[in-house]
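Bear in mind that the values in this text are calculations on the coordinates, not laboratory data. All values derive from a computational prediction rather than experimental measurement. Don't worry about glycine lacking a Cβ; one is built from the backbone with ideal geometry, like all the others, and counts go over all protein chains shown.
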Ligand SMILES: NC(=O)c1ccc[n+]([C@@H]2O[C@H](COP(=O)([O-])OP(=O)(O)OC[C@H]3O[C@@H](n4cnc5c(N)ncnc54)[C@H](O)[C@@H]3O)[C@@H](O)[C@H]2O)c1
């Protein structure tokens, strides 16, 4: 194995046997607390865990066509062998299906299959399925139990944790939604083996973001192990998913409804969202966030909070992860207008997540629009 495994691997396995290893993070939200279980080969155990949680009878899998072809059978068998009567509802893959129209069709199919109030919905797929099936679970019969079974890196480290569920409306992303916590999250890292490289990098942007805002030790680990991520080394992937999930859980526990601290997770996203919008989503989310993080680090430096060596370190790690750091050829006026439209600008000051050092972020309303523009122009 390349690189070095730091003591983060001290997270001890919590279960042995057929599974190579399984580790977990608990999201502590009082009566809405739940486990995020991370390991290789977990899908097949789902039925046993659901039974342990007191479920029996019917279960509904909501998934997309691609993921169904890859992992639908494994999950289905895991449930059926534990005695569940499984219905699988399929949606075409793609953000455009994260809509009220698809949700409407799913409600109809749930009623047709006689899904009841205690019939769990298992969201098997990436963030699109997690958000869509989560929203359906939150609203069908005023809420049915939701199990997140994320299969992209982004979904395993980010979207499956924290209870944000939503559908889009036209060009407006996530405008119709609900906070609805899952009862369990199962991140089977074996599913990452079939992920296209672009999707792996997309997820790595959120992993790097989490380390940059909260944990320098983990950031070092990433720096040393990015080669192992590309080689899909199981121990490294498991560690990365676990640690990023732990960071997200810790922030969500302190600010479940996104009223303050949770905005730290938006590091790199203020500029990132503007780039996505202005490029008409030709620039992918992870790439946009990567460029946004580089710019935010440079703004932090210009505002005197971050050492230049750390700006260079962050930029290097982002590049090593196969993500861009340079500004694309887009109209600066439109980028600024998109940030204003995002309501992050008040009296020419922009709300930004900045860094004090790698591993420590803070929120400010004091970044001037002129400085943001200066940094972005310098980054072209
Ligand atoms: N709820 C939240 O807190 C939150 C946070 C971040 C992002 N999101 C949402 O997540 C969505 C993006 O999620 P995403 O990046 O996972 O995209 P996605 O769900 O569209 O998945 C990307 C593609 O990968 C395919 N795929 C999924 N798993 C696979 C696997 N194991 N092997 C091969 N192919 C696989 C899918 O079919 C799809 O074509 C957006 O809608 C975004 O708004 C939500």
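With a cut-off of 11 Å on the backbone N, no residue of region 366-380 is near the modelled label site 7 Å out from residue 342 along Cα-Cβ.
Pairwise over distinct Cα atoms, reciprocal of the mean inverse distance: report the Kirkwood radius of the chain in Å, one decimal place.
Details: mean 1/r = 0.0472 Å⁻¹.
Computed over the chain, the radius equals 21.2 Å.
The GNM of the chain, with springs linking C-alpha atoms under 10 angstrom apart, assigns the highest mean-square fluctuation among 31, 210, 160 to 31. What's the angle, to the nearest 10 degrees (0 to 90), between helix 216-230's Cα axis and the longest principal axis of the chain? So the helix axis and the longest Cα principal axis differ by about 70 degrees.
Computed from Cα positions, the angle between helix 127-139 and the longest principal axis of the chain comes to roughly 60 degrees. What is the Cα convex hull volume of region 234-380 when expressed per residue in Å³? Cα convex hull per residue, to the nearest whole number: 120 Å³. Rounded to 0.05, the FRET efficiency of the residue 70 and residue 176 pair, given R0 = 25 Å and the Cβ-Cβ distance, is 0.30. Projected label points at residue 111 and residue 307, each 7 Å from Cα along the beta carbon direction, are separated by 6.3 nanometres.
Modelled label positions at residue 370 and residue 56, each set 7 Å beyond Cα in the direction of Cβ, lie 7.1 nm from each other.
Helix 285-302 and the long axis of the chain differ in direction by around 40°, with both axes built from C-alpha atoms.
Short-range pairs are left out: with C-alpha atoms under 8 Å and at least six residues apart, the relative contact order of the chain is 15 percent.
Hydrodynamic radius of region 215-287 by the Kirkwood approach over all distinct alpha-carbon pairs: 14.4 Å. Where only DSSP H runs of four or more residues are counted, the chain gives -13000 deg cm²/dmol as its mean residue ellipticity at 222 nm, each run worth -39500 (n - 2.57).
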